[in-house]
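Everything below concerns the one structure shown next.
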Amino acid sequence: MRERLKSFDGASPVRLIDPALIRASRWANRHDASFASADFAELRDEIESAGGNVQPIRVRPLAAAELLNGSTEAGAGQGALYELVFGHRRHRACLELGLPVRAMVEPATDQELFEAMERENRGRKNLSAWEQGCMYRKALDEGLYPSLRKLAEAVRVDVSLVSKSVSLARLPDAVVAAFPSPLDIQFRWAQPLSEALQKDPDGTLARARALREEGAVAGSAVQVFDALIKPAAASAVAIGEPQRILRKGKALATVSRDAKGRVTVKLEAGAVPAARQAELMSLLESFLKG
């Protein structure tokens, strides 16, 4: 018996805990869309059929967090006694199913919590680029790490990947809202989206709002990305290359576009008789109102 007990030395205790007593981490990185996906529904069904989560989650006692950090309020979050380290989806599934959740209970500092959660999520490879970026951004904004490089070293991730993730998380709300879901935004889009916002901030934001208002989010994420990026390139090409409207070889009007997407129509003298100017204005108003 003594020999068998030795094998448990240093092991973390696993308990059955009411999921209502556990609150999400300060750096919780799961977007609400993650809990409405087919993957989450499948996970919830598996937990329901097994009568609980087979693989434990990890939590830290809030009182222990207070002693270690001096910053976390014990009991915050409607009477919570624990804070999640990792296993947010398993915890959410048990909460929705009304089942107790199997959890390892271990004290942890804020940095230990963050790094354990990051390793667990990356190991499972089911965290989106945008969610990953939000996690990194919040850690930097709250001073958990002094720099992006120090954060990358702590979690043992290439600094360029952390930089791309944070760039996605810092995209304006209007750009994120243009996509069907922020979970669809890809790592490789970080640089072109950032460049578009730097070169043509007003135009890019205007296109993003138009995509949202027109219901274009029903399309694919790739279509939204192309719509945000390609018009900016097209505008740059069109500068100084006006299109002409001709009649019998004679130019009546020119149409040009500037770098910000503004369209200028220049009518030649005599192209529109004074008697028809009111008709032209009426046509323009009708066209712009759609």
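Here the condition is being over 20 Å from residue 31 (Cβ atoms), of a type in the set (A, V, I, L, M, F, W, C), out of contact with any strand residue (DSSP E or B) (no Cβ under 6 Å at 6 or more places or on another chain) and modelled with pLDDT of 85 or more; of 177, 236, 227, 208, it holds for 227 alone. Restricting attention to the stretch 146-187 and to residues that are outside any helix (DSSP H, G or I), farther than 19 Å from residue 205 by Cα and among the charged types (D, E, K, R), the residue that is least open to solvent (accessible area, probe 1.4 Å) turns out to be 158. The set of residues in the stretch 243-279 that are out of contact with any Asp or Glu (no Cβ under 8 Å at 6 or more places or on another chain), under 21 Å from residue 202 (Cα atoms), open to solvent by less than 90 Å² (accessible area, probe 1.4 Å) and at pLDDT below 75 contains only 258. Summed over the stretch 188-216, residues that are among the acidic types (Asp, Glu) and either under 18 Å from residue 136 (Cβ atoms) or not in a helix (DSSP H, G or I) (or both) total 2. Against the criterion of being outside any loop (DSSP other than H, G, I, E, B) and at pLDDT 75 or above, residue 26 does not qualify.
Taking only the stretch 102-145 into account, find how many residues are within 30 Å of residue 16 (Cβ to Cβ), assigned to a loop (DSSP other than H, G, I, E, B) and over 20 Å from the mean Cα position of the chain (by Cα).
Total meeting the criteria: 4.
Here residue 143 fulfils each of the conditions (1) at positive phi; (2) of a type outside the set (A, V, I, L, M, F, W, C); (3) surrounded by 14 or more Cβ atoms within 10 Å (Cβ to Cβ) apart from (3).
Once the stretch 84-98 is narrowed to residues that are surrounded by fewer than 19 Cβ atoms within 10 Å (Cβ to Cβ) and in contact (Cβ under 8 Å) with a residue 12 or more places away in the chain, the residue that is nearest to residue 152 (Cα to Cα) is 95.
The values are calculated or read from the model by the stated rules, or taken from the named source; none is laboratory data. Since the model is a prediction, treat every value here as computed from it, not as a measurement. Quick reminder, even Gly has a Cβ in these numbers, built from the backbone with ideal geometry, and neighbours come from all protein chains shown. Side chains included, ligands, DNA and RNA excluded: accessible areas come from the protein's heavy atoms. Shrake-Rupley method; radii C 1.70, N 1.55, O 1.52, S 1.80 Å.
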